[in-house]
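Please read the structure below before turning to the comments.
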Amino acid sequence: MRTSSIGHRAAIRLAAAGIALVFVAPAALAAGTGQPEPWQIAMQNPVTPVAHDVHLFHTWLVWIITAISLFVLALLIAVAVKFNDRANPVPARTTHNTLLEVAWTILPVLILVAIAIPSFRLLREQLIIPKPDVVVKATGMNAWYWTYEYPADQGGFKFESFMLDEAKRAEAIRAGASAPRLLATDTELVVPVNKVVKVQVTAEGVLHAFALPSFGIKIDAVPGRLNETWFKAEREGVYYGQCSELCGNGHPYMPIQIRVVNDADYAAWLADAKKKYAGGGSGGVRLAATD
Ligand SMILES: [Cu+2]
(Lines give C-alpha, C1' and ligand atoms only; values in the text may rest on other atoms or scores of the structure.)
Protein backbone atom coordinates (compact mmCIF):
# COMPACT_ATOMS: atom_id res chain seq x y z
CA MET A 1 0.00 0.00 0.00
CA ARG A 2 2.66 2.40 1.19
CA THR A 3 5.06 1.83 -1.66
CA SER A 4 2.31 2.15 -4.20
CA SER A 5 1.17 5.47 -2.74
CA ILE A 6 4.77 6.72 -2.83
CA GLY A 7 5.07 5.50 -6.40
CA HIS A 8 1.81 7.22 -7.16
CA ARG A 9 3.02 10.50 -5.68
CA ALA A 10 6.31 10.24 -7.56
CA ALA A 11 4.41 9.68 -10.78
CA ILE A 12 2.24 12.73 -10.14
CA ARG A 13 5.33 14.81 -9.38
CA LEU A 14 7.01 13.57 -12.53
CA ALA A 15 3.95 14.43 -14.59
CA ALA A 16 3.77 17.87 -12.97
CA ALA A 17 7.43 18.44 -13.76
CA GLY A 18 6.81 17.39 -17.35
CA ILE A 19 3.90 19.76 -17.70
CA ALA A 20 5.91 22.58 -16.08
CA LEU A 21 8.76 21.85 -18.46
CA VAL A 22 6.63 22.28 -21.49
CA PHE A 23 4.44 25.18 -20.42
CA VAL A 24 6.35 27.19 -17.80
CA ALA A 25 9.48 27.03 -19.91
CA PRO A 26 11.24 28.51 -21.85
CA ALA A 27 12.18 31.22 -19.35
CA ALA A 28 11.89 29.64 -15.95
CA LEU A 29 13.83 26.39 -15.97
CA ALA A 30 17.54 26.85 -15.52
CA ALA A 31 17.85 28.81 -18.71
CA GLY A 32 21.07 30.76 -18.88
CA THR A 33 21.17 34.36 -19.97
CA GLY A 34 23.68 34.94 -22.72
CA GLN A 35 25.23 31.53 -22.22
CA PRO A 36 24.05 28.00 -21.46
CA GLU A 37 23.81 26.76 -17.90
CA PRO A 38 24.60 23.25 -16.59
CA TRP A 39 21.53 21.01 -16.92
CA GLN A 40 19.74 23.63 -18.95
CA ILE A 41 16.70 22.27 -20.74
CA ALA A 42 14.83 25.35 -21.93
CA MET A 43 16.02 27.98 -24.37
CA GLN A 44 18.33 30.74 -23.12
CA ASN A 45 16.59 33.73 -21.55
CA PRO A 46 15.54 36.32 -24.13
CA VAL A 47 16.93 39.85 -23.88
CA THR A 48 15.67 41.43 -27.12
CA PRO A 49 12.12 42.10 -28.40
CA VAL A 50 12.65 39.57 -31.21
CA ALA A 51 13.86 36.89 -28.78
CA HIS A 52 10.81 37.50 -26.55
CA ASP A 53 8.53 37.00 -29.54
CA VAL A 54 10.42 33.88 -30.64
CA HIS A 55 9.74 32.43 -27.19
CA LEU A 56 6.06 33.41 -27.29
CA PHE A 57 5.69 31.75 -30.68
CA HIS A 58 7.46 28.65 -29.41
CA THR A 59 5.08 28.41 -26.44
CA TRP A 60 2.06 28.93 -28.72
CA LEU A 61 3.23 26.04 -30.94
CA VAL A 62 3.76 23.78 -27.92
CA TRP A 63 0.12 24.36 -26.85
CA ILE A 64 -1.16 23.57 -30.35
CA ILE A 65 1.01 20.47 -30.73
CA THR A 66 -0.05 19.21 -27.29
CA ALA A 67 -3.75 19.69 -28.04
CA ILE A 68 -3.43 17.86 -31.39
CA SER A 69 -1.43 15.00 -29.85
CA LEU A 70 -3.95 14.53 -27.02
CA PHE A 71 -6.86 14.60 -29.48
CA VAL A 72 -5.26 11.97 -31.73
CA LEU A 73 -4.38 9.83 -28.70
CA ALA A 74 -8.02 10.03 -27.50
CA LEU A 75 -9.25 8.95 -30.95
CA LEU A 76 -6.83 6.01 -31.06
CA ILE A 77 -7.89 4.84 -27.61
CA ALA A 78 -11.59 5.21 -28.52
CA VAL A 79 -11.09 3.17 -31.70
CA ALA A 80 -9.12 0.47 -29.91
CA VAL A 81 -11.70 0.15 -27.13
CA LYS A 82 -14.95 0.56 -29.02
CA PHE A 83 -14.24 -1.05 -32.36
CA ASN A 84 -12.08 -4.05 -31.59
CA ASP A 85 -13.20 -7.47 -32.81
CA ARG A 86 -14.71 -8.48 -29.47
CA ALA A 87 -16.66 -5.30 -28.71
CA ASN A 88 -17.80 -4.78 -32.28
CA PRO A 89 -17.92 -8.12 -34.18
CA VAL A 90 -19.97 -6.80 -37.11
CA PRO A 91 -18.34 -3.66 -38.50
CA ALA A 92 -20.42 -0.87 -40.03
CA ARG A 93 -20.04 -0.31 -43.77
CA THR A 94 -20.10 3.50 -43.68
CA THR A 95 -17.73 5.05 -46.25
CA HIS A 96 -18.73 8.72 -46.31
CA ASN A 97 -19.76 11.35 -43.84
CA THR A 98 -20.01 14.80 -45.41
CA LEU A 99 -20.03 16.74 -42.16
CA LEU A 100 -16.97 14.87 -40.85
CA GLU A 101 -15.09 15.28 -44.13
CA VAL A 102 -15.74 19.04 -44.23
CA ALA A 103 -14.67 19.30 -40.58
CA TRP A 104 -11.39 17.43 -41.01
CA THR A 105 -10.54 19.65 -43.96
CA ILE A 106 -11.53 23.00 -42.48
CA LEU A 107 -10.14 22.43 -38.99
CA PRO A 108 -6.51 21.77 -40.06
CA VAL A 109 -6.73 24.81 -42.35
CA LEU A 110 -7.79 26.95 -39.39
CA ILE A 111 -4.99 25.51 -37.28
CA LEU A 112 -2.45 26.34 -40.00
CA VAL A 113 -3.81 29.88 -40.26
CA ALA A 114 -3.50 30.24 -36.48
CA ILE A 115 0.15 29.24 -36.84
CA ALA A 116 0.84 31.25 -39.99
CA ILE A 117 -0.35 34.63 -38.71
CA PRO A 118 2.03 34.92 -35.72
CA SER A 119 4.75 33.20 -37.76
CA PHE A 120 4.64 35.81 -40.54
CA ARG A 121 4.36 38.60 -37.97
CA LEU A 122 7.57 37.32 -36.36
CA LEU A 123 9.33 37.00 -39.72
CA ARG A 124 8.39 40.57 -40.54
CA GLU A 125 9.75 41.76 -37.20
CA GLN A 126 13.03 39.94 -37.88
CA LEU A 127 13.42 40.97 -41.50
CA ILE A 128 12.27 44.59 -41.53
CA ILE A 129 15.08 46.27 -39.68
CA PRO A 130 14.17 49.43 -37.75
CA LYS A 131 16.32 52.52 -38.27
CA PRO A 132 19.65 51.49 -36.74
CA ASP A 133 21.58 53.48 -34.11
CA VAL A 134 24.71 51.40 -34.62
CA VAL A 135 25.86 49.40 -37.64
CA VAL A 136 28.47 46.65 -37.37
CA LYS A 137 29.76 44.30 -40.01
CA ALA A 138 30.63 40.76 -38.93
CA THR A 139 32.67 38.57 -41.26
CA GLY A 140 33.13 34.84 -40.70
CA MET A 141 36.65 33.87 -41.75
CA ASN A 142 37.60 30.46 -43.08
CA ALA A 143 40.46 30.15 -40.60
CA TRP A 144 37.82 29.96 -37.89
CA TYR A 145 37.28 33.35 -36.39
CA TRP A 146 35.17 36.46 -36.81
CA THR A 147 36.19 39.97 -37.75
CA TYR A 148 34.12 42.97 -36.71
CA GLU A 149 34.09 46.22 -38.57
CA TYR A 150 32.60 49.51 -37.43
CA PRO A 151 32.07 51.47 -40.66
CA ALA A 152 33.53 54.96 -41.15
CA ASP A 153 30.53 56.79 -39.69
CA GLN A 154 30.44 54.44 -36.69
CA GLY A 155 34.09 54.70 -35.68
CA GLY A 156 35.90 53.36 -38.73
CA PHE A 157 37.92 50.45 -37.40
CA LYS A 158 38.14 46.72 -37.70
CA PHE A 159 39.39 43.98 -35.42
CA GLU A 160 39.58 40.21 -35.19
CA SER A 161 38.02 38.05 -32.53
CA PHE A 162 39.49 34.66 -31.62
CA MET A 163 38.32 32.08 -29.13
CA LEU A 164 40.46 31.99 -25.97
CA ASP A 165 42.48 28.80 -25.76
CA GLU A 166 42.71 27.05 -22.39
CA ALA A 167 45.88 28.90 -21.32
CA LYS A 168 44.47 32.32 -22.16
CA ARG A 169 41.16 31.39 -20.61
CA ALA A 170 42.85 30.47 -17.31
CA GLU A 171 44.65 33.81 -17.48
CA ALA A 172 41.36 35.67 -18.11
CA ILE A 173 39.66 33.86 -15.21
CA ARG A 174 42.56 34.80 -12.93
CA ALA A 175 42.04 38.40 -14.08
CA GLY A 176 38.41 38.17 -12.93
CA ALA A 177 36.53 37.45 -16.17
CA SER A 178 34.01 34.59 -16.31
CA ALA A 179 35.42 33.40 -19.67
CA PRO A 180 33.19 30.36 -20.34
CA ARG A 181 34.83 27.49 -22.22
CA LEU A 182 34.43 27.49 -26.03
CA LEU A 183 32.56 30.82 -25.79
CA ALA A 184 34.96 33.47 -24.49
CA THR A 185 36.91 35.44 -27.06
CA ASP A 186 39.98 37.66 -26.89
CA THR A 187 38.20 40.74 -28.23
CA GLU A 188 34.50 41.41 -28.09
CA LEU A 189 31.84 43.21 -30.02
CA VAL A 190 30.68 46.13 -27.86
CA VAL A 191 27.28 47.75 -28.38
CA PRO A 192 25.07 50.17 -26.44
CA VAL A 193 22.04 48.98 -24.47
CA ASN A 194 18.50 49.74 -25.70
CA LYS A 195 19.76 50.78 -29.13
CA VAL A 196 18.94 49.21 -32.46
CA VAL A 197 22.09 47.49 -33.71
CA LYS A 198 22.15 46.37 -37.31
CA VAL A 199 24.63 43.59 -38.02
CA GLN A 200 25.76 43.11 -41.59
CA VAL A 201 26.96 39.54 -41.95
CA THR A 202 29.18 38.02 -44.59
CA ALA A 203 31.99 35.47 -44.87
CA GLU A 204 35.27 34.83 -46.59
CA GLY A 205 35.94 31.44 -48.11
CA VAL A 206 33.24 29.25 -46.62
CA LEU A 207 29.73 29.50 -45.18
CA HIS A 208 29.27 30.40 -41.53
CA ALA A 209 26.28 31.61 -39.51
CA PHE A 210 26.11 34.39 -36.97
CA ALA A 211 23.89 33.25 -34.11
CA LEU A 212 23.24 34.39 -30.57
CA PRO A 213 20.44 32.55 -28.70
CA SER A 214 19.58 35.22 -26.10
CA PHE A 215 19.14 37.79 -28.88
CA GLY A 216 16.99 35.44 -30.98
CA ILE A 217 19.22 35.92 -34.02
CA LYS A 218 20.72 33.45 -36.48
CA ILE A 219 21.71 34.44 -39.97
CA ASP A 220 23.90 32.84 -42.63
CA ALA A 221 27.28 34.34 -43.41
CA VAL A 222 27.73 33.77 -47.14
CA PRO A 223 30.86 34.66 -49.14
CA GLY A 224 30.04 37.40 -51.65
CA ARG A 225 26.73 38.27 -50.06
CA LEU A 226 25.80 40.79 -47.38
CA ASN A 227 23.03 39.54 -45.11
CA GLU A 228 21.70 41.65 -42.31
CA THR A 229 19.96 41.19 -39.02
CA TRP A 230 19.29 43.34 -35.98
CA PHE A 231 18.87 43.30 -32.24
CA LYS A 232 18.04 45.69 -29.45
CA ALA A 233 19.47 44.37 -26.20
CA GLU A 234 17.39 45.36 -23.21
CA ARG A 235 19.94 44.50 -20.55
CA GLU A 236 23.63 45.22 -20.07
CA GLY A 237 25.88 42.21 -19.83
CA VAL A 238 27.96 39.78 -21.84
CA TYR A 239 26.20 37.48 -24.28
CA TYR A 240 27.66 34.57 -26.18
CA GLY A 241 26.85 32.92 -29.47
CA GLN A 242 28.50 30.49 -31.85
CA CYS A 243 28.98 29.91 -35.54
CA SER A 244 25.91 27.87 -36.46
CA GLU A 245 26.69 26.60 -39.93
CA LEU A 246 29.02 23.63 -40.21
CA CYS A 247 32.03 25.36 -41.77
CA GLY A 248 34.97 23.04 -41.26
CA ASN A 249 37.15 21.62 -38.50
CA GLY A 250 37.30 24.94 -36.63
CA HIS A 251 33.52 25.26 -36.55
CA PRO A 252 33.11 24.80 -32.77
CA TYR A 253 35.96 27.20 -32.04
CA MET A 254 34.70 30.50 -33.44
CA PRO A 255 32.35 31.86 -30.79
CA ILE A 256 30.76 35.29 -30.71
CA GLN A 257 31.05 37.49 -27.62
CA ILE A 258 28.95 40.63 -27.41
CA ARG A 259 29.14 43.07 -24.52
CA VAL A 260 26.15 45.36 -24.01
CA VAL A 261 27.02 48.54 -22.11
CA ASN A 262 25.41 51.88 -21.26
CA ASP A 263 25.85 54.91 -23.51
CA ALA A 264 28.70 56.46 -21.52
CA ASP A 265 30.68 53.21 -21.46
CA TYR A 266 30.02 52.75 -25.17
CA ALA A 267 31.36 56.23 -25.97
CA ALA A 268 34.44 55.51 -23.86
CA TRP A 269 34.98 52.12 -25.52
CA LEU A 270 34.53 53.66 -28.98
CA ALA A 271 37.16 56.35 -28.29
CA ASP A 272 39.52 53.70 -26.97
CA ALA A 273 38.86 51.25 -29.79
CA LYS A 274 39.46 53.88 -32.46
CA LYS A 275 43.01 54.23 -31.18
CA LYS A 276 43.61 50.57 -30.40
CA TYR A 277 42.37 49.21 -33.69
CA ALA A 278 43.57 52.13 -35.81
CA GLY A 279 45.71 49.98 -38.09
CA GLY A 280 43.01 47.38 -38.70
CA GLY A 281 44.31 46.01 -35.40
CA SER A 282 44.54 42.31 -34.91
CA GLY A 283 42.91 40.60 -31.99
CA GLY A 284 44.67 38.17 -29.74
CA VAL A 285 46.13 40.80 -27.45
CA ARG A 286 43.26 42.19 -25.50
CA LEU A 287 41.74 39.96 -22.84
CA ALA A 288 38.02 39.96 -22.20
CA ALA A 289 37.43 42.40 -19.40
CA THR A 290 35.62 41.53 -16.19
CA ASP A 291 31.92 40.76 -16.49
CU1 LIG B 1 31.89 28.95 -39.04
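The values are calculated or read from the model by the stated rules, or taken from the named source; none is laboratory data. This one's a predicted model, so the numbers in the text were calculated from it and none came from an experiment. Every residue, glycine as well, gets a Cβ built from its backbone with ideal geometry; the counts of neighbours run over all protein chains shown.
When only residues in region 119-157 that are closer than 23 Å to Asp263 by Cβ and of a type in the set (Lys, Arg) count, which is nearest to the ligand (Cβ to nearest atom)? Let's see the steps before the verdict.
Taking region 119-157 and keeping what is closer than 23 Å to Asp263 by Cβ, we get 129-138, 148-157.
Within this subset, residues satisfying the condition of being of a type in the set (Lys, Arg) are 131, 137.
Numbers: Lys131: 30, Lys137: 16 Å.
Here the residue is Lys137.
Can you name every residue in region 137-182 that is free of Cβ contacts under 8 Å to residues at least 24 places away in the same chain, under 16 Å from His208 (Cβ atoms) and charged (D, E, K, R)?
The answer is Glu149, and nothing else.
Count, please, the residues in region 217-245 that happen to be farther than 19 Å from Asp133 by Cα and either outside any loop (DSSP other than H, G, I, E, B) or under 12 Å from the mean Cα position of the chain (by Cα) (or both).
12
Give me a count of the residues in region 214-226 that are touching a residue at least 24 places away in the same chain (Cβ under 8 Å) and within 16 Å of the ligand (Cβ to nearest atom). Break it down stepwise before answering.
Our first condition is that a residue be touching a residue at least 24 places away in the same chain (Cβ under 8 Å); within region 214-226, this holds for 214-218, 220-221, 226.
Still in the list and also within 16 Å of the ligand (Cβ to nearest atom): 217-218, 220-221.
Residues meeting the conditions: 4.
Condition check ((1) modelled with pLDDT under 95; (2) surrounded by fewer than 17 Cβ atoms within 10 Å (Cβ to Cβ)) across all residues:
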{"site": "Leu189", "(1), (2)": "no, no"}
{"site": "Lys195", "(1), (2)": "no, yes"}
{"site": "Val199", "(1), (2)": "no, no"}
{"site": "Ala233", "(1), (2)": "no, no"}
{"site": "Gly248", "(1), (2)": "yes, yes"}
{"site": "Gly279", "(1), (2)": "yes, yes"}
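Mind checking which residues of region 131-167 are over 27 Å from the mean Cα position of the chain (by Cα) and more than 24 Å from Val222 (Cα to Cα)?
Asp153, Gly155, Ala167
Give the residue that is farthest from the ligand (Cβ to nearest atom), with candidates limited to residues of region 246-265 that are aliphatic (A, V, I, L, M) and within 20 Å of Val135 (Cβ to Cβ). First the steps, then the outcome.
Within region 246-265, the subset aliphatic (A, V, I, L, M) is 246, 254, 256, 258, 260-261, 264.
Okay, now just the ones that are also within 20 Å of Val135 (Cβ to Cβ), so 256, 258, 260-261.
Numbers: Ile256: 10, Ile258: 17, Val260: 23, Val261: 26 Å.
If we take residues in region 246-265 being aliphatic (A, V, I, L, M) and within 20 Å of Val135 (Cβ to Cβ), then Val261 is farthest from the ligand (Cβ to nearest atom).
Are any of the residues in region 37-48 in the same structural domain as Leu122 (by TED's automatic domain parsing), in a helix (DSSP H, G or I) and surrounded by 11 or more Cβ atoms within 10 Å (Cβ to Cβ)? Before you say what the answer is, go through the steps one by one.
Of the residues in region 37-48, the ones in the same structural domain as Leu122 (by TED's automatic domain parsing) are 37-48.
Those left that are additionally in a helix (DSSP H, G or I): none.
Within region 37-48, not a single residue is in the same structural domain as Leu122 (by TED's automatic domain parsing), in a helix (DSSP H, G or I) and surrounded by 11 or more Cβ atoms within 10 Å (Cβ to Cβ).
Within region 197-210, work out how many residues are in a strand (DSSP E or B) and within 10 Å of the ligand (Cβ to nearest atom).
First, the residues of region 197-210 that are in a strand (DSSP E or B): 197-204, 208-210.
Cutting the leftovers down to within 10 Å of the ligand (Cβ to nearest atom) gives us 203, 208-210.
The qualifying residues number 4.
Would a scan of region 171-179 turn up a residue that is closer than 20 Å to Gly34 by Cβ and crowded, with 21+ Cβ neighbours inside 10 Å?
Residues of region 171-179 that are closer than 20 Å to Gly34 by Cβ, as a first pass: 172-173, 175-179.
If we keep only those that are crowded, with 21+ Cβ neighbours inside 10 Å as well, we get 179.
Yes: region 171-179 contains one or more residues that are closer than 20 Å to Gly34 by Cβ and crowded, with 21+ Cβ neighbours inside 10 Å.
Under 6 Å by Cβ, and 6 or more places apart or on different chains, what pairs join a residue from region 227-247 that is under 15 Å from Trp146 (Cα atoms) with one that is away from the ligand (no atom under 16 Å from the Cβ) and part of a loop (DSSP other than H, G, I, E, B)?
Tyr240/Gly34; Tyr240/Gln35
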